[in-house]
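Working notes, structure below.
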Amino acid sequence: MLLRVALVLCALAGAARGDSRQPRSCADLRQFYSGNGFSLSGVPQAEISGEHLRVCPQGYTCCTSQMEENLSNLSSREFGEQVKESGRTLQASLNSQYKSFDGYFRELLNRSEASLQDSFQTGIFQELYSNLRHYYRGSNLNLEEALNEFWGVLLERLLRVFNSQFSFGEDYLECVSKQSETLRPFGETPRDFKLKVTRTFVAARSFVQGLVVAGEVVRKVSQVPLSVECVRALMKLTYCPLCRGVASAKPCSSYCRNVMKGCLANQADLDTEWRNLADTMLQVSDKLNRPYSMDAAVLSMPRRIAEAVLYMQDNLNTFNSKVFQACGTPSESSDPEETVKRSQNPAEEVGSSSGTRLEKLLSDVSRKLRDMMQYWVQLPGRLCVDREGKASDENKCWNGMAVDRYLPEVMGDGLASQINNPEVEIDITKPDMTIRQQIMQLKIMTNRLKNAINGNDVDFQDTSDDISGSGSGMCSEVQCARGPRIMVPSTNRPRNYPNQSENKKVVKGLGSRNAPCSALYLLLALVTALLRR
């Protein structure tokens, strides 16, 4: 209250000083006014008495009531554009980071799929990678079920390939499905495969979604309309010096900041959740980079699948014996398959990435996230940089009433801190609902990211259209039209089959490699032709 009284007294004194001097020319205002597309009709040549003004000090003035209203609208539009432009700059940065990460992740998937397709021209792997892409784009797809189904489909195909002399009906396959839970035809690979793939895809999907949500929050918050009190304060800050005949005077630094903090009080309330989102995304970024590198997880998928097939091939006799004992001996096929010759063109090996490119990419994203952490509380200061005068001119700056010192202290950030703001009257009990909704969106996204850090699947609304710009949906009509599948649960520790010592050495050796190996593809190529069916 004392601050307001002091400010009124200062205004009265300033007005008195203004009334005592001779009117000055309005040439500066006329030039500016005309340059902004306004008509000079009715614009005074020299200062007139300002009793008619509703915002600016009522001493000598160059502004009529209509001019004050026009300039008030202009100051509001300019401020709105400043806020939007600042927001667009941040949006562009977030979108650039999204495109970089998204492009790199899609490239990893393409390389991983190509290494399998070079050896196996089959829809099994195409469907697997299609489901992974749909999940990554935000489709409401149960990733664990999709991975279990993949192993079930693969078992069904391999059962026929490795036992081409037999015919397997749907009832028999159903029986095999029940036995597969205890027989573990692929060893430990499905369980380990699902663990690493799920962790990687959950983290990657939540990470890109976080970038999208952050950009949307900036866009929506930057379009929030100004309050009537803010419009008055902006006019007083921006163009009242022009009306007052002191066009060259710059606003006092503390004065400008109080106006901006008042006008952007609701926006500053985003700060806590905005920081939480950025900090959690940094943790997810670190998760993608180590200890389970995103590169290694995606590019090792072909090797793990190859190892699983080889494991079943090595343990086929034991597996068949147990299956035949439980389900009976299948009937002989009337049209046995021909033996497949070994391929002479194994698939290109996909070596382990050094991680340099991924590390740089995530480092760039992390730097941008750190830079944006204080965006909402720093915005008032940034908008004042080009407005306010130099620090050395603190005794000769525009304080809202005259060219003099500005005495009130600078307010804090956020709505609650504006209760004593001398420049913008704000009802702190009535927060902006659009901004409150965006604060809730930030909280929801942060919780999803925290779940991703813990390796838990993230329940997104289907956002594949928003993220990728392509068609949404879990699968196409052709992909969804599937027959019966053998499901292979892979969460428990698998039971190893007894096998020959030589085969044990082969499996052990394969498990220690970091990249798909030509020898694996040469062995697996034996079943290529039948898998194409």
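The values are calculated or read from the model by the stated rules, or taken from the named source; none is laboratory data. All values reported here derive from a predicted model rather than from experimental measurement. So basically every Cβ, Gly included, is an ideal-geometry build from the backbone, and we count neighbours across all protein chains shown. Accessible surface is based on the protein model in full, side chains and every heavy atom, while ligands, DNA and RNA are left aside. Shrake-Rupley method; radii C 1.70, N 1.55, O 1.52, S 1.80 Å.
Summary table below
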quantity	calculated
Fully extended contour minus Cα-Cα distance, from ASP28 to GLU425, at 0.36 nm per residue	139.8 nm
Net charge of neighbours whose Cβ lies under 14 Å from the Cβ of ARG232, counting Lys and Arg as +1 and Asp and Glu as -1	-3
Selected from SER112, PHE125, SER100, residue furthest toward positive end of dipole (the range 89-130; charges at beta carbon)	SER100
With every protein chain in place, the range 118-177: carbon and sulfur % of accessible area (1.4 Å)	36
FRET efficiency for ASP192 and ARG88, using Cβ-Cβ distance with R0 set to 51 Å, rounded to 0.05	0.70
Unsatisfied cross-links (Cα-Cα over 21 Å) in the set LYS84/LYS443; LYS220/LYS261; LYS287/LYS450; LYS220/LYS250	LYS84/LYS443; LYS220/LYS250
At R0 = 60 Å, FRET efficiency that the Cβ-Cβ distance of GLU229 and ARG357 yields, to 0.05	0.70
Percent carbon-and-sulfur accessible area, the range 202-261, ignoring ligands, DNA and RNA, probe 1.4 Å	50
Gained length - ARG436 relative to SER39, 0.36 nm times residue gap less alpha-carbon distance	138.8 nm
Probe 1.4 Å, protein heavy atoms only - accessible area per residue of the range 108-209 in square angstrom	32
Cut-off under 5 Å, modelled amide H: who pairs with CYS397 long-range	ASP404
Simple Cβ-charge dipole of the range 74-154, Lys/Arg +1 and Asp/Glu -1, about Cα centre, in debye nearest 20	360
The range 394-451, accessible area per residue, ligands and nucleic acids excluded (1.4 Å, Å²)	55
Computed E for ARG367/GLU332 - FRET, C-beta separation, R0 60 angstrom, nearest 0.05	0.35
